[in-house]
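Working notes for the structure below.
The values are calculated or read from the model by the stated rules, or taken from the named source; none is laboratory data. Computed from a predicted structure; not experimentally measured. Cβ placement follows ideal geometry from the backbone for every residue including glycine, while neighbour counts extend to all protein chains displayed.
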Amino acid sequence: MTKTYIYKSSKRGFTKMKMQNEGFMKKEELEFLKESNHIEREYGSVALEDVKKAWNYAKKRKDSINVKLIKEIHKRIMIRLNPEIAGKLRNMQVGVMTKDGFREAIHFIYIKEDLDKLCEFKPTNEKEVKEWHIKFEIIHPHKDGNGRTGRILMNIQRLSLGLPILIIHEGKQQMEYYKWFKKGKKDGRKICKRL
């Protein structure tokens with residue numbers, strides 16, 4: 001394992017410091033996280049700092065997606081934005097406002113069961129990663145923060161398969177992305193049952 005160092009300037013010259021993993025992020029990773037936040041109308045520095053922590057946490061555990069990991073990613077994303085729900089599965093019924101109107105999410109009593117089934121499935125190609133992501137968003141396991149959590153999960157799966165990070169920009173690409181979920185509008189529970 002190679003050690004990476006950064007050098008910090010001081011009055012006495014340069015101080016050698018071990019570089020922390022969380023301090024370094026590739027350009028495309030940062031762009032992905034910013035755009036993922038922007039899709040959800042989160043433009044603040046606190047939201048960006050927290051989603052970076054969630055991303056770094058997820059990348060280190062990308063080969064073992066399970067409910068515990070999902071909750072930990074969500075916790076890191078929401079801890080300062082909404083601490084009451086951070087890392088918790090929802091225990092109430094919610095819905096999603098779409099262009100076509102209100103869509104009720106899967107009933108909360110099925111969340112744990114559906115997530116467990118989803119996590120048993122390991123995507124092996126780009127199409128399966130997309131399908132996994134759609135199913136995750138249909139389950140909608142949290143009161144808020146599902147999109148950002150789901151896009152982190154999608155991209156760590158992509159990285160595991162050697163695929164590039166998918167960056168969805170606010171605006172036109174965002175609208176194309178939302179079209180992925182049209183199929184799940186009416187038969188969300190059925191889609192999850194077919195895992």
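For ASP100, work out the one condition from (1) in contact (Cβ under 8 Å) with a residue 60 or more places away in the chain; (2) surrounded by fewer than 16 Cβ atoms within 10 Å (Cβ to Cβ); (3) touching a strand residue (DSSP E or B) at 6+ places or on another chain (Cβ under 6 Å) it doesn't fulfil.
Unmet for ASP100, out of (1) in contact (Cβ under 8 Å) with a residue 60 or more places away in the chain; (2) surrounded by fewer than 16 Cβ atoms within 10 Å (Cβ to Cβ); (3) touching a strand residue (DSSP E or B) at 6+ places or on another chain (Cβ under 6 Å): (3).
Checking GLY150 against (1) buried (at least 16 other Cβ atoms within 10 Å of the Cβ); (2) more than 17 Å from the chain's Cα centre (by Cα); (3) in a helix (DSSP H, G or I), only one condition comes out false. Which one?
Against the list (1) buried (at least 16 other Cβ atoms within 10 Å of the Cβ); (2) more than 17 Å from the chain's Cα centre (by Cα); (3) in a helix (DSSP H, G or I), GLY150 comes up short only on (2).
Table: residues versus (1) in a helix (DSSP H, G or I); (2) in contact with an Asp or Glu (Cβ under 7 Å, 6 or more places away or on another chain); (3) closer than 27 Å to GLU84 by Cα.
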position: PRO123; (1), (2), (3): no, no, no
position: GLU128; (1), (2), (3): yes, no, no
position: ILE134; (1), (2), (3): yes, no, yes
position: ILE138; (1), (2), (3): yes, no, yes
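In the range 108-135, what residues are in contact (Cβ under 8 Å) with a residue 60 or more places away in the chain, surrounded by 12 or more Cβ atoms within 10 Å (Cβ to Cβ) and of a type outside the set (A, V, I, L, M)?
Answer for the range 108-135, where residues must be in contact (Cβ under 8 Å) with a residue 60 or more places away in the chain, surrounded by 12 or more Cβ atoms within 10 Å (Cβ to Cβ) and of a type outside the set (A, V, I, L, M): TYR110, ASP114, LYS117, PHE121, LYS135.
With the requirement that a residue be β-branched (Val, Ile, Thr) and under 16 Å from GLY147 (Cβ atoms), what does the range 70-102 give you?
Within the range 70-102, ILE70, ILE73, ILE77, ILE85, VAL94, VAL96, THR98 qualify.
Would you check if there is a residue in the range 61-80 being modelled with pLDDT of 95 or more and exposed (fewer than 13 other Cβ atoms within 10 Å of the Cβ)?
Yes, the conditions are met somewhere in the range 61-80.
Does PHE14 count as at pLDDT below 95 and over 27 Å from LEU163 (Cα atoms)?
Yes; evaluated as a whole, the condition is true for this residue.
Find the residue count for the range 45-86, including only residues that are part of a loop (DSSP other than H, G, I, E, B) and closer than 21 Å to LYS117 by Cβ.
Residues meeting the conditions: 6.
Residues that are within 14 Å of LYS143 (Cβ to Cβ) and under 16 Å from the mean Cα position of the chain (by Cα): does the range 103-118 have at least one?
no
Report whether or not LEU89 is at pLDDT 95 or above, over 13 Å from the mean Cα position of the chain (by Cα), part of a helix (DSSP H, G or I) and at negative phi.
no
Out of all the residues in the range 47-68, which are within 13 Å of ASN155 (Cβ to Cβ) and either in contact with a strand residue (DSSP E or B) (Cβ under 6 Å, 6 or more places away or on another chain) or among the aliphatic types (A, V, I, L, M) (or both)?
Within the range 47-68, VAL51, ALA54, ALA58, ILE65 meet the criteria.
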